[in-house]
Protein chains: 2
Amino acid sequence: MVPSEVFAALADPTRLEVLTRLASGGPATATELSASMPITRQAVAKHLAALDAAGLVERHPAGREVRYTFEPGPLGDLVKWVENVGDTWDRRLERLGRTFSTRGGGSPARAGRR
Amino acid sequence: MVPSEVFAALADPTRLEVLTRLASGGPATATELSASMPITRQAVAKHLAALDAAGLVERHPAGREVRYTFEPGPLGDLVKWVENVGDTWDRRLERLGRTFSTRGGGSPARAGRR
DNA sequence: CTTTCACGCAACTGGTTGGTTGCACATCAC
DNA sequence: GTGATGTGCAACCAACCAGTTGCGTGAAAG
């Protein structure tokens, strides 16, 4: 379970903004989004296609327009993956701590994790 | 605070594996890593440089070799960003729930978030 | 029926990137 | 000093990607 595809979908800043707009501003179409962005409709449509392929967005065709909605599922998987990596790292640190000090077993303090 | 740079660093599967190897296997050099991978040492070195630029890895020069260590800090920021986006989405859903049903205010059930 | 609007598809372009090979430099071992 | 080992730098290549323009199509509006 390695969501490098999701990471790739979030790698582009423009695409990231498209996603955050959908998340905070609600469902929208490609033309609506492109109206308040410095790129063309087709560029936005491509980004939406990429986000859709990554499962971060859902298509809702209605008549002649297509409305896109934010889909948080993959983000949850992503957080899970990150936490998993962090845990293996913690276990490594703990093992090292036990190796270098036979008593107490306190692992070194670490920043960045709640 | 938009860590699209961190996302970009994690976008490539090969680079992702380099990072996970450092996280689970402990510190290593570029040549050590490349020994058990299907790419050359220079390719690994490039990936390590990218990870270093993103703050996901730390260089530790020792004599003629350079040992790299995993750095979990940026991953924490990343999780924070994801949770922030998820929260704004939750607030949106709650607002909509209140609009469509005046009593109870129960927001729709949602998968993927703990 | 004609016009307008929203979308999709295809082709093209400039820039980025993952990967390679080749070489030069510094450090350790002898 | 000489040779082996580990890095870094530069050049190069193929593939990919974000973005554009142009055109065709199908649904709403008149």
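Rule-based calculations on the coordinates, nothing more; no lab input. All figures in this text were calculated on a predicted structure; none of them were measured in a lab. A quick note on method: Cβ atoms are made from the backbone with ideal geometry, for glycine too, and the neighbour counts reach across all protein chains shown.
The other copies place their residue B:5 label points at 2.9 nm from this one, listed shortest first, where each point is 7 Å from Cα along Cα→Cβ. For residue B:90, inter-copy separations between label points set 7 Å beyond Cα along the Cβ vector come to 2.0 nm, shortest first.
If you take every residue apart from residue B:33 with its C-beta less than 10 Å away from the C-beta of residue B:33, what net charge results, scoring Lys and Arg +1 and Asp and Glu -1? Every neighbour counted, the sum reads 0.
Contact order for the range B:1-93, expressed relative to its length and based on alpha carbon pairs under 8 Å spaced 6+ residues apart, stands at 29 percent.
Here's the picture: a label point sits 7 Å out from the Cα of residue B:21 along the beta-carbon direction, and within the range A:1-38 the residues with their amide nitrogen under 19 Å of it are A:1-4.
The shape of the range B:7-101 comes out prolate: with a ≥ b ≥ c from the C-alpha gyration tensor, a/c is at least 1.5 and a/b beats b/c. Around the amide H of residue B:67, modelled in the peptide plane, lie the amide H atoms of B:60, B:62, all under 5 Å away and 5 or more residues distant in sequence or on another chain.
In a DSSP loop and with at most 12 other Cβ atoms within 10 Å, the trypsin sites (Lys or Arg not before Pro) in the range B:1-91 are B:64. Ignoring lysines fewer than eight residues from residue A:80 along the same chain, the ones with Cα atoms less than 17 angstrom from its Cα are B:80.
Using a 7 Å projection from Cα along Cα-to-Cβ, the label point at residue A:49 is separated from the same position in the remaining copies by 3.3 nm, smallest value first.
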